[in-house]
Amino acid sequence: AAFSAKNYSEAIEWFTQGIAVDASNHVLFSNRSASYAGLQEFDKALDDAKKCISIKPDWGKGYGREGAAYHGLGDLESAIQSYQKGLQVEPGLAMLTNGLKEVEADMAASAGGGLGNIGNLVQRPDLLEFVAKSPMLSQFLVQPDFADILNQLKSDPKALGTHLNDQRVQMLLQELLREKNPDMFRKAEEDEIKKRKEKEAAEEAKKKQEEEEAKRKAAEEAARKAAMTEDDFKDDPKGLSDFYKDKGNAAYKAKQFEEAISWYTKAYEANKENVTVLTNRAAVRFEQKQYDDCVADCKKAIEEGRACRADWKIIARAFERMGNAYVKQERLEEAIAAYNDSLVENRVRDVEKKLKETEKLLKEKTANAYLDPAKAQEEKEKGNALVKDGKWIDAKAAYDEAARRNPKDHTIYSNRALCYMKLMEWPAAKADCDKALEIEPTFVRALERRGNCYIMLKEQTKALADFRKGLELDPSNVGLQSGIQRVEASMFSGKRDEEAVANAMKDPEIQQILQDPVINNVLRDLQENRAAAQEALKDPVIAERIQKLAAAASSLSAEQEQRRLQRRAEGEETGQRRADDARDRSRCT
């Protein structure tokens, strides 16, 4: 009440009495600091603020009291540091943000002699370059309003007052002041780094001390257990069982497997409800490659564990170890069942990983068992015959079976791609061409067919690349030559297919060409200086890149392609198209 009435002296007396009763109450020190500040006794206000922070360092208001005291003492840099520390503890606290703004305004005024002189800081020709070089400020340049603010401040320094509430502008002023007074800011940063290192060193020392203490206690416990004998557990079967289990664990770690089995057996006989020792014994059997005995111990652990309501994690571990043994025995279906049962009991990422790996192994094993190159050849020849009869769906089914029987035969995928193309399933056809070329990168027929797929998928630049690569391998190939002619003819069709252009712009090669400054100059010359452009196009590399850009910007119209496909379906293609179709059918290998 006295503080609210601005009776600061009376308020100090009351707060002092409260501190005498409870010297650990940070709020009392905070309030007394504010009272001293009200009396302009900033030294005392600072002492109380520091005491408040030492009691509760995670309370933002304490840093606000410290910042206000430093501000009153004229130590503006320390005031800024206090407010910034407080904002790290309590971001957005109004007391801190407002105090920081006041100090920054005073600092700017003292540096330049008033708001007009603060404007001199921002009224500099290289302001944009200064911001761009600052790691803290450069991120804001992508924000249009910030760029507008910078331009406004350069032209009208008086506008600074309208933007002081903008946190970005506050950061700008701070960086400008840092440049003007580097020594002051450097000292503050050095002090902060020193304090942080001292804190880290103290934390590291405390951590090391705790680790040493834990090691000491562990050693004492180990020594105590080592000194114990069976006689210490005469009336404690559970304790005796655990005693034997610890002996078994020690033997297992020392790879003394027979001795470990003996101890685990004694542990189980001492307490039949201690099923953990059965899973431990199963682990030993696994290491000895006695997989049947390992599975038997796991099954017994599951049965006995459920009977005595053992922890579900123990049951899950038994299923997991059973699955591990089944995998070693190549009983993959049983291993998968065991891993699934383990996950039902306890969802563990490691078991999920083992399950996926085992399922993959089973899939590969099943697929490998189905492999038969001779039968694959029979199915491929069956498909080839169906292709010649124009029975595309039946031919595809035959090639499906051939691929399952021999997935390494690249010609099967190429032939099936032809079926997909006749059925106008272009993405599937391209995928089969990809597979064929993955197996045999120099297979010209797959390059030709994939190029035709790219045309229908409106990816002209990729089509052109496949046709050209094929011609490098087979220069006299008519189909490849025809493909290039189709793509290049589309460049002069006078029609623009927006979908094809959009797809082309996604091509990394096209993006790289567009970023080439030489190509950009040539493109500009094509509009402004035709003679210079023609001279540049004599360079084969530049000419090839310009041609790729032209292909990316043009394509056959969708209506033309649809009419052509409809004529083909109705049997109205020209003699050349019929010849192409016949050639396709005869080229299944």
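The values are calculated or read from the model by the stated rules, or taken from the named source; none is laboratory data. Values in this document were obtained by computation on a predicted structure and should not be read as measured data. Neighbour counts are summed over all protein chains in view; Cβ atoms, including those assigned to glycine, are modelled from backbone coordinates with ideal geometry. Just the protein is used for accessible areas: all its heavy atoms, side chains included, with ligands, DNA and RNA removed. Shrake-Rupley method; radii C 1.70, N 1.55, O 1.52, S 1.80 Å.
Can you give me the number of residues within the range 430-462 that are under 34 Å from the mean Cα position of the chain (by Cα), buried (at least 24 other Cβ atoms within 10 Å of the Cβ) and under 18 Å from D400 (Cα atoms)?
Within the range 430-462, residues that are under 34 Å from the mean Cα position of the chain (by Cα), buried (at least 24 other Cβ atoms within 10 Å of the Cβ) and under 18 Å from D400 (Cα atoms) number 3.
Of all residues in the range 518-540, which are closer than 23 Å to A465 by Cα and at pLDDT 75 or above?
The answer is V518, I519, N520, V522, L523, D539.
Would you mind finding the one in S9, S30, S24 that is open to solvent by less than 40 Å² (accessible area, probe 1.4 Å), in contact with a helix residue (DSSP H, G or I) (Cβ under 9 Å, 6 or more places away or on another chain) and touching a residue at least 24 places away in the same chain (Cβ under 8 Å)?
None of the other options fit; the residue is S30.
Rundown of residues vs (1) in a helix (DSSP H, G or I); (2) farther than 29 Å from I19 by Cβ; (3) in contact (Cβ under 8 Å) with a residue 12 or more places away in the chain, yes/no style:
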position: I53; (1), (2), (3): yes, no, yes
position: P57; (1), (2), (3): no, no, yes
position: G62; (1), (2), (3): yes, no, yes
position: A69; (1), (2), (3): yes, no, yes
position: Q81; (1), (2), (3): yes, no, yes
position: Q88; (1), (2), (3): yes, no, no
position: G92; (1), (2), (3): no, yes, no
position: N98; (1), (2), (3): yes, no, no
position: D106; (1), (2), (3): yes, yes, yes
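Any idea which of (1) open to solvent by 70 Å² or more (accessible area, probe 1.4 Å); (2) modelled with pLDDT under 95 is the one K353 doesn't satisfy?
(2)
Check K299, K289, K247 and return the single one that is among the basic types (K, R) and more than 43 Å from the chain's Cα centre (by Cα). Before the answer, list the steps.
On the way: K299 fails: more than 43 Å from the chain's Cα centre (by Cα); K289 fails: more than 43 Å from the chain's Cα centre (by Cα).
Only one candidate qualifies: K247.
Can you name every residue in the range 362-404 that is exposed (fewer than 13 other Cβ atoms within 10 Å of the Cβ), of a type in the set (A, V, I, L, M, F, W, C) and not in a helix (DSSP H, G or I)?
Passing the criteria: none in range.
Restricting to the range 164-204, count the residues that are open to solvent by 100 Å² or more (accessible area, probe 1.4 Å) and either in contact with a strand residue (DSSP E or B) (Cβ under 9 Å, 6 or more places away or on another chain) or within 20 Å of N98 (Cα to Cα) (or both).
Count: 2.
Using the structure shown, decide if I53 is at pLDDT 90 or above and either open to solvent by less than 50 Å² (accessible area, probe 1.4 Å) or under 48 Å from the mean Cα position of the chain (by Cα) (or both).
yes
Given the residues V344, V351, which is the only one that is β-branched (V, I, T), assigned to a helix (DSSP H, G or I) and touching a helix residue (DSSP H, G or I) at 6+ places or on another chain (Cβ under 6 Å)?
Values: V344 fails: touching a helix residue (DSSP H, G or I) at 6+ places or on another chain (Cβ under 6 Å).
Among V344, V351, only V351 is β-branched (V, I, T), assigned to a helix (DSSP H, G or I) and touching a helix residue (DSSP H, G or I) at 6+ places or on another chain (Cβ under 6 Å).
This table checks each residue for (1) free of Cβ contacts under 8 Å to residues at least 40 places away in the same chain; (2) closer than 20 Å to Y244 by Cα; (3) crowded, with 24+ Cβ neighbours inside 10 Å.
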position	(1), (2), (3)
I261	yes, yes, no
L278	no, yes, yes
K289	yes, no, no
K299	yes, no, no
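Any chance you could count how many residues in the range 142-163 are under 27 Å from L96 (Cβ atoms) and within 37 Å of the chain's Cα centre (by Cα)?
So the answer is 5.
Looking only at the range 466-477, filter to residues that are in contact (Cβ under 8 Å) with a residue 24 or more places away in the chain and assigned to a helix (DSSP H, G or I); which one of those is nearest to E544 (Cα to Cα)?
Among those residues, the one meeting the criterion is G470.
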